[in-house]
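Novice: Sharing a structure below in structure tokens format, with a few things to ask.
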């Protein structure tokens, strides 16, 4: 397909949905992307660029001439257009803004004026609003006669004379009402109103919690200035959940499409922190080198205690990080859940203590060695359970993202406690 | 609030949204939940039960009498009602089905007939469909005169005489068209059609990819039998992303609300598998006990090599698991990404080899020891990068969920390679 048959490529691309074209571009090698953009110049839908991963998008936009970029930007809804140009450097941004119509420019500049990751960036400025004293008939006539309507809308907002939202009418309800019915009779009062500076995570939470399809956005004075629709929120929900999973492992959100050097750098930082942890653990082991020299079985067995603690701690911290993200863990149930974690880790600790104790005894034929590793196992698993819950909660309270920092702290704790408990007990009991 | 002032509680609950009431019930202790349900008997909206976590829901539904349960079920849309009763045991299910009206019963039985986690379970059976030769005027009159319309709908489906979907008209487009306009003139052809037995993950993917708000569902003969709306899909998207993060750590999806015993059991299984890994690693260490007895520094340093490999492997496998879930990793770019992983792990491997080599040399004053640990580090980090990518890909090809099994395999590999490379090289070089 690629390389030679450009006409065939153009035909093929024209049949695809913009999201699929974006996926196709992401799959291509960097060199191929330039060729692809050159070959499809002028026929690509503006939506394609919205669906691209950030890193790939930045690269692809470089291949477009400023006037092409301006055409793309004009074709998009305000929220999508802002999303597209927000990460450009200032010179490029100014070039694009200079090339679009004055109205578009004003809209884009306003959009860029809102903080990143806020409701203002997500919202669409085009919306339908009517006064409450209108009838359905007036509203339908207004919709039929106005040309400049948004592409998509799910409800009609009702505003007071000062343009503050006081209610909304879902389209399906408007459609099944007779012409003389007043808007005020069928509107739903008190829609959930989003302040323009609300964080996008909070917006996503509200949409999820109340199953909204769209919600009005107001400025500081309470005037209706935009609307957020569910399709924008779907992306954020998926992004947020995806972010946590990657952060727990210490990789960046766009690890997959980033360059080798940039990916290596982010991963290096995380590994460096973990090296610190590992060296700390080694220092603890070093305290007991004389003990190990006498009983070399200790060196053979010690990773078991640390590794089981690490895994148990990771289980608890993952559940906790997730529960904080979904707001299932609150101050009201924290103590109860901590108690539950304590019980779980105590039960599992005892079970694995017996298991590992027997294995160690059978392997080296020293019953006391089995006893030492069993006791160390119980201590480390309980500490793992408790710290797996307390560390992310404490980080969250300090406004540090628990997904990023928790696992370093917890595995440091379980490594140190694991080695110290096992080797320390051995030094006391076996020598 | 709780305990005594039941009247106050009732007032408070009546002001809350059903999703917030569900959260409140989840926060309560088990005993309190029974009291809460008793106190709010008859005033709780049926939607509350839909918002509850599965484990809590099962518990709460036990407190309801069969006729109350039937009332709840009748109040809900078909998809929500099926969702509510699908997990009940058969006797309870039969009781509920016996207590609802015959039409509801038929709808529920049909819903339960579709496989779990398929489009059939998600879809709503009530929908609006019109023939393409109707005019907007006829459609509006039909909507105004029919009482039994679905609560919410976003588009009108257009069907052929055999009731197969041939297009759709978004409500906003219908509203702004004049009465004499024919449906066929304004409909969008070829909507994305969902077969009733499609897996819900696939459904969620299609909604995300094409930013749909609703899509028609057809049976095996192509007849339109239902519609899936975006609000159901939002939940699945969040569920799926949440599942992966928990599965990577070996905990169950409803770990948070499950009982201590049941949680302990799932976590035990995972830890047992990891114990196997740890013991394997110890066996590898045991091969070199004589070497360690001579150079005890090896025992002190060896966890560093294994732990860095484990962390690097986890980074790669997390990115890979996520990329498989979001379908960003395909056979087309797998080789290129593998090459990238190889480069990243080689670069980081060399950097950490130098770092750790210098630390070891400085610590124990033996230059050769630094060389050995440096070489082992490079080997283990490269193996970690490659296996972190190949293991999840292989599991995915074998239709095993890579989120569940990858990390055990990868850490087993990095532990064994780490200890074997370091101690083996040491045995060769230092003795």
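Only the coordinates and a few stated rules stand behind these numbers; no lab work does. Since the structure is predicted, the reported quantities are computational estimates derived from the model, not experimental observations. Here the Cβ is made from the backbone with ideal geometry for all residues, glycine too, and neighbour counts use every protein chain on show.
Novice: Mind computing the radius of gyration and Dmax over the alpha-carbon atoms of the protein assembly as shown? Å is fine for both.
Specialist: Looking at the protein assembly as shown, its Cα Rg and Dmax stand at 30.4, 98 Å.
Novice: How do A:68, B:185 line up, fewest other C-beta atoms within 10 Å first?
Specialist: Values: A:68 16, B:185 12.
Ascending number of Cβ neighbours within 10 Å: B:185, A:68.
Novice: Report, for residue A:193, each distance to the same residue's label point in the other copies, shortest first and in nm; define the point 7 Å along Cα→Cβ.
Specialist: Between copies, matching label points for residue A:193 lie 4.6 nm apart.
Novice: Please average, across the residues of A:61-67, the number of beta carbons from any other chain that are within 10 Å of each residue's own beta carbon, and give a whole number.
Specialist: Working: counts 0, 0, 0, 0, 0, 0, 0.
Mean shielding by partner chains, rounded to a whole number: 0.
Novice: Relative to the longest principal axis of the C-alpha atoms of chain B, give the angle of the C-alpha long axis of helix B:136-145, reported between 0 and 90° and rounded to the nearest 10°.
Specialist: 80
Novice: Moving to a separate point now. Counting alpha carbon pairs within less than 8 Å and at least 6 residues apart, what relative contact order, in whole percent, applies to region B:260-430? Spell out each step's value before the answer.
Specialist: Values: 206 pairs, mean separation 62.0, N = 171.
Computed over region B:260-430, the figure is 36 percent.
Novice: Next question, about the same structure. Along its three principal axes, how long is chain B when you only count alpha carbons? Whole Å, largest extent first please.
Specialist: The Cα atoms of chain B stretch 93, 61, 35 Å along their principal axes.
Novice: Another question about this same structure. According to the square roots a ≥ b ≥ c of the eigenvalues of the Cα gyration tensor, what is the shape class of region A:6-116, taking rounded for a/c under 1.5, prolate for a/b larger than b/c otherwise, and oblate for the remainder?
Specialist: prolate
Novice: What is the average number of partner chain Cβ atoms found within 10 Å of a Cβ in B:140-153? Numbers along the way, then the final one.
Specialist: On the way: counts 6, 1, 1, 6, 7, 2, 1, 1, 0, 4, 1, 3, 7, 5.
Whole-number average of other-chain Cβ neighbours for B:140-153 is 3.
Novice: Given axes a ≥ b ≥ c from the Cα gyration tensor, I'd like to know whether region A:40-175 is rounded (a/c under 1.5), prolate (a/b larger than b/c) or oblate. The partial results should precede the final answer.
Specialist: Working: a/c = 2.47, a/b = 2.09, b/c = 1.18.
Cα axes put region A:40-175 in the prolate bin.
Novice: Sort region A:95-226 into rounded, prolate or oblate with this rule: let a ≥ b ≥ c be the square roots of the eigenvalues of the Cα gyration tensor; rounded if a/c is under 1.5, and if a/c is not under 1.5, prolate when a/b is larger than b/c, oblate otherwise. Intermediate results must be reported in sequence, preceding the final value.
Specialist: Numbers: a/c = 2.16, a/b = 1.40, b/c = 1.54.
Note, shape of region A:95-226 comes out oblate.
Novice: What whole number of Å gives the distance from the Cα centroid of region B:200-231 to the Cα centroid of region A:5-35?
Specialist: What the calculation gives is 26 Å, centre to centre.
Novice: What ranking do B:292, A:381 get, fewest neighbouring Cβ atoms within 10 angstrom at the top? Write down the numbers at each step before the final one.
Specialist: Values: B:292 23, A:381 30.
Fewest-to-most ranking of B:292, A:381: B:292, A:381.
Novice: Measuring from the lowest to the highest alpha carbon on each principal axis, how far does region A:154-295 reach, largest first, in angstroms?
Specialist: For region A:154-295, the Cα spread along each principal axis is 95, 34, 31 Å.
Novice: State the antiparallel share, in %, of DSSP beta bridges confined to chain A, rounding to the nearest 5.
Specialist: Values: 15 of 20 bridges.
Just about 75 percent of them are antiparallel.
Novice: What whole-number distance in Å separates the alpha-carbon centres of region B:250-299 and region B:321-370?
Specialist: Centre-to-centre (Cα) distance: 24 Å.
Novice: Then there is this: For Cα pairs less than 8 Å apart in space and 6+ apart in sequence, what is the mean separation divided by the residue count of region B:190-325, i.e. the relative contact order in percent? It would help to have the intermediate numbers written out before the result.
Specialist: Details: 76 pairs, mean separation 17.3, N = 136.
So the answer I get is 13 percent.
Novice: Let me ask something additional. How many percent of DSSP beta bridges within region A:90-210 run antiparallel, rounded to 5?
Specialist: Details: 9 of 12 bridges.
That works out to approximately 75 percent antiparallel.
Novice: Where does each of A:74, A:177, B:407 land when they are ranked from fewest to most other beta-carbon atoms within 10 angstrom?
Specialist: Working: A:74 17, A:177 22, B:407 29.
Sorted ascending by nearby Cβ count, the order is A:74, A:177, B:407.
Novice: Something else now. Mind checking the mean number of beta-carbon atoms from other chains within 10 Å of the Cβ atoms in B:24-31? Walk me through the numbers before you get to the answer.
Specialist: On the way: counts 1, 0, 4, 7, 3, 3, 1, 0.
For peptide B:24-31, the averaged partner shielding equals 2.
Novice: On to the next question. Taking each label point as 7 Å beyond Cα in the direction of the beta carbon, state the distances from residue A:326 to the same residue in the other copies, shortest first, in nm.
Specialist: So the distances to the same position in the other copies read 2.0 nm.
Novice: So in the protein assembly as shown, what percent of DSSP beta bridges are antiparallel if you round to the nearest 5?
Specialist: On the way: 30 of 40 bridges.
Rounded to the nearest five, the antiparallel share is 75 percent.
Novice: Can you give the calculated 222 nm mean residue ellipticity of chain A, where each DSSP H run of n ≥ 4 adds -39,500 (n - 2.57) and the sum is split over every residue, rounded to the nearest 500 deg cm²/dmol? Mind dumping the intermediate values first?
Specialist: Values: 21 runs with 290 residues, N = 431.
Computed mean residue ellipticity for chain A: -21500 deg cm²/dmol.
Novice: If you don't mind, there's one more thing I want to ask. Cα axis of helix B:66-75 to longest principal axis of chain B: angle in degrees, 0 to 90, nearest 10?
Specialist: 80
Novice: If I build a Gaussian network model for chain A, linking alpha-carbon pairs within less than 10 angstrom, which residue out of A:240, A:59, A:15 has the largest mean-square fluctuation?
Specialist: So, out of A:240, A:59, A:15, the one fluctuating most is A:15.
Novice: Relative to the other copies, what are the label-point distances for residue A:265, with labels 7 Å from Cα along the C-beta vector, expressed in nm at one decimal and sorted shortest first?
Specialist: Those label-point separations list as 5.1 nm.
Novice: A further question on this structure: Who wins for biggest fluctuation among A:402, A:216, A:131 in a Gaussian network model of chain A, springs between alpha carbons below 10 Å?
Specialist: With Cα springs under 10 Å in chain A, the top fluctuation among A:402, A:216, A:131 is at A:131.
Novice: What's the angle, to the nearest 10 degrees (0 to 90), between helix A:102-113's Cα axis and the longest principal axis of chain A?
Specialist: It works out to around 20 degrees.
Novice: In a Gaussian network model over chain A where Cα atoms closer than 10 Å are linked, find which of A:192, A:176, A:94 has the largest mean-square fluctuation.
Specialist: Fluctuation is largest for A:176.
Novice: Same structure again: Which whole-number percentage describes the relative contact order of region B:1-64, with Cα contacts under 8 Å and a sequence gap of 6 or more?
Specialist: On the way: 39 pairs, mean separation 24.9, N = 64.
So the answer I get is 39 percent.
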